[in-house]
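One structure is given below, encoded as structure tokens.
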Amino acid sequence: MVILRRYPLWIGLFLLWMLLAILSVAFGVCGLIALLWGVSARITAGKDNLHKGALRIEENLKNGFEQKEAPGSSNLNFIIASSLSSFSGVEGGLWNMEKGFIAYSYPTYEGPLKMDVPSAEKNRIIRLSQQSLKEKRPLFGRFDGSRESLLLYVKPMNLKDNDTVIWTMTRVPIRLVSDYEKLIFFLSSILIFSLLLGIFGLRILQSWSREISRLENIIATTPPDQIPSLPLTGYRELDRLVETLVGARKSLIDEKNRKEELLKKISKNERIVTLGKVAATLTHELRNPLATIQLEVENALQSNDKGNKEPLECVQEQVERMKKLLDSIVLLCHAGEITPQENDLYPWLQSTVKPYEAAAIKHGVDLRVVPWKGSWCFDSQGMSRVLGNLLQNALEHTPKGGWIEVKVGKKDDKLCISVEDSGKGIEDEIREEVFEPFFTKKSHGFGLGLSIVKEIVEAHNGCIECKAGREGGARFEIELPWRIS
């Protein structure tokens, strides 16, 4: 088998066909040998029976002549019958040069009792008997027919009368022509079967070659991670190869996506580390000056100088804005630091949403809550900040008379939290960008709220998506696993 693997598949099929042809010929030769051997064995057995039968007749006749001078014709027939009774299919008798056939018997004949010598064989018996008396020795004769061979044995009697011979005869069925025809039919059937098998194997080989060539072309002309889904060929072995290729393609695509995702996370972590360093530097360098400025402004406002009050209030407002920016940057850098623990969802949701109910009433917005009673493992403070940021954004973008819906549920062993509003919504082309730091469409704010939300969710090994709402508004969907690995 190892040797055959070095050669094309068609060579293996051709060798298989040749083996079948050789086996057919070998079977034919063996069958012919067995046929000839079987005929020869039957002829030999027949000769042996004739010889033994003649000796038995001669022995019984000697015993009869010793008891009386010349047994009668009926007694001779009885002696021959008793002598040949143990030799199936053998008939025999006595022939005299002057009197002709003087005795005959066929004791094992299955039909009616035979009393006369077969007329078709009389001349053969006479001729062989005359020749035996002339040569004074036993003779054996074989006469082949289409279906059987006639075996004849004559032996001169060693008695007072030297003109009498003992003859025995049997027929051996050889059916040589019939068996040969069967053998030819058998060999022809095997050869035809081998030919059909070769043609069938050639068709399969051609079909396999086409499918393999097609697979080779697809693999050779397509990048590994872009190989299309291959259709099944209908051949089990080739389909296993196709399924293996499809599985390898899926593994390559998954590996590529995993690497891309890993690279994104590494790049993101690098940005966060850089941002953290910048934030730490800004916080350290700006907090003290801002605190000093704020203190001086507050002291100046406490004086009665009304002419400088308005500029000082503007400075104080900007200082507060700068402090909030620094706090947001610091919060973004530490958003991934969570402490997950099991929380009862219903009271957590009520306590998180409650602070925004008054603002919703003030803006004329219907705030709906669809709770789910159960428990889940997450950082309650971090997820409260996530839900609070989403609710604040929804309140800012929902017009009077609109609605906001907060829904909590479970899907596929994951906790699902959604916040949807009936506002103007977010354009499709910027839905992925809204989670980037400092991205904002508002005239106020720093664009860090949704970045902080995403960082906290991903720290839980969860995900957040921005989709279109039912009435054209924005819908944020969060999915959290049970455990954070």
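The values are calculated or read from the model by the stated rules, or taken from the named source; none is laboratory data. Because the structure is predicted, anything quoted here is derived from the model rather than measured. Every residue, glycine as well, gets a Cβ built from its backbone with ideal geometry; the counts of neighbours run over all protein chains shown.
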(message) Among the residues that make up the range 438-445, is at least one of them of a type in the set (Val, Ile, Thr) and either modelled with pLDDT of 80 or more or out of contact with any helix residue (DSSP H, G or I) (no Cβ under 6 Å at 6 or more places or on another chain) (or both)?
(response) yes
(request) Looking at (1) at pLDDT 80 or above; (2) within 51 Å of the chain's Cα centre (by Cα), find the lone condition where Ser422 falls short. (result) (2)
(message) Yes or no: the range 136-155 includes at least one residue that is in a helix (DSSP H, G or I), touching a strand residue (DSSP E or B) at 6+ places or on another chain (Cβ under 7 Å) and either aliphatic (A, V, I, L, M) or under 21 Å from Gly46 (Cβ atoms) (or both).
(response) no
(message) Going by what's in this entry, would Gly31 be described as assigned to a helix (DSSP H, G or I), modelled with pLDDT under 90 and in the same structural domain as Met169 (by TED's automatic domain parsing)?
(response) yes
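Let's see how each residue does on (1) more than 27 Å from Glu436 (Cα to Cα); (2) at pLDDT 85 or above; (3) in a helix (DSSP H, G or I); (4) not assigned by TED's automatic domain parsing to the domain that holds Pro437:
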position	(1), (2), (3), (4)
Val315	yes, no, yes, yes
Arg321	no, no, yes, yes
Leu326	no, no, yes, yes
Trp348	yes, yes, yes, no
Arg368	yes, yes, no, no
Trp376	yes, yes, no, no
(message) Would you confirm, using the coordinates I've provided, whether Glu98 is part of a loop (DSSP other than H, G, I, E, B) and assigned by TED's automatic domain parsing to the domain that holds Ile80?
(response) yes
(request) Mind listing whichever residues of the range 240-288 are modelled with pLDDT under 70 and acidic (Asp, Glu)? (result) Glu285
(request) Write out, first by first residue and then by second, each pair whose Cβ atoms fall under 6 Å of each other, whose residues are 6+ apart or on separate chains, and whose first residue, in the range 437-463, is among the β-branched types (Val, Ile, Thr) while the second is assigned to a helix (DSSP H, G or I) and at pLDDT below 70. (result) Ile452/Leu331; Ile452/Leu332
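Quick grid of which residues meet (1) closer than 14 Å to Trp95 by Cβ; (2) at pLDDT below 90; (3) surrounded by 12 or more Cβ atoms within 10 Å (Cβ to Cβ):
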{"residue": "Gly111", "(1), (2), (3)": "no, yes, no"}
{"residue": "Met115", "(1), (2), (3)": "no, yes, no"}
{"residue": "Arg124", "(1), (2), (3)": "yes, no, yes"}
{"residue": "Arg127", "(1), (2), (3)": "yes, no, yes"}
{"residue": "Gln131", "(1), (2), (3)": "yes, no, yes"}
{"residue": "Ser146", "(1), (2), (3)": "no, yes, no"}
{"residue": "Leu151", "(1), (2), (3)": "no, no, yes"}
{"residue": "Met157", "(1), (2), (3)": "yes, yes, yes"}
{"residue": "Asp163", "(1), (2), (3)": "yes, yes, yes"}
(request) Check whether at least one residue in the range 378-395 is among the aromatic types (Phe, Trp, Tyr), modelled with pLDDT under 85 and either touching a strand residue (DSSP E or B) at 6+ places or on another chain (Cβ under 7 Å) or closer than 22 Å to Val453 by Cβ (or both), and report yes or no. (result) no
(request) State yes or no: is Trp403 modelled with pLDDT of 90 or more, surrounded by fewer than 19 Cβ atoms within 10 Å (Cβ to Cβ) and assigned by TED's automatic domain parsing to the domain that holds Glu357? (result) yes
(request) Looking at (1) at pLDDT 90 or above; (2) not in a helix (DSSP H, G or I); (3) not hydrophobic (A, V, I, L, M, F, W, C), find the lone condition where Lys52 falls short. (result) (2)
(request) Quickly run through the range 76-100 and pick out the residues that are crowded, with 21+ Cβ neighbours inside 10 Å and polar (S, T, N, Q). (result) Ser83
(message) With under 16 Å from Val369 (Cα atoms) and touching a Leu at 6+ places or on another chain (Cβ under 8 Å) as the only criterion, which of Val434, Val419 stands out?
(response) Val419
(request) Just give me the residues in the range 452-485 being part of a helix (DSSP H, G or I) and either closer than 18 Å to Lys410 by Cβ or of a type in the set (Lys, Arg) (or both), in sequence order. (result) Lys454, Val457
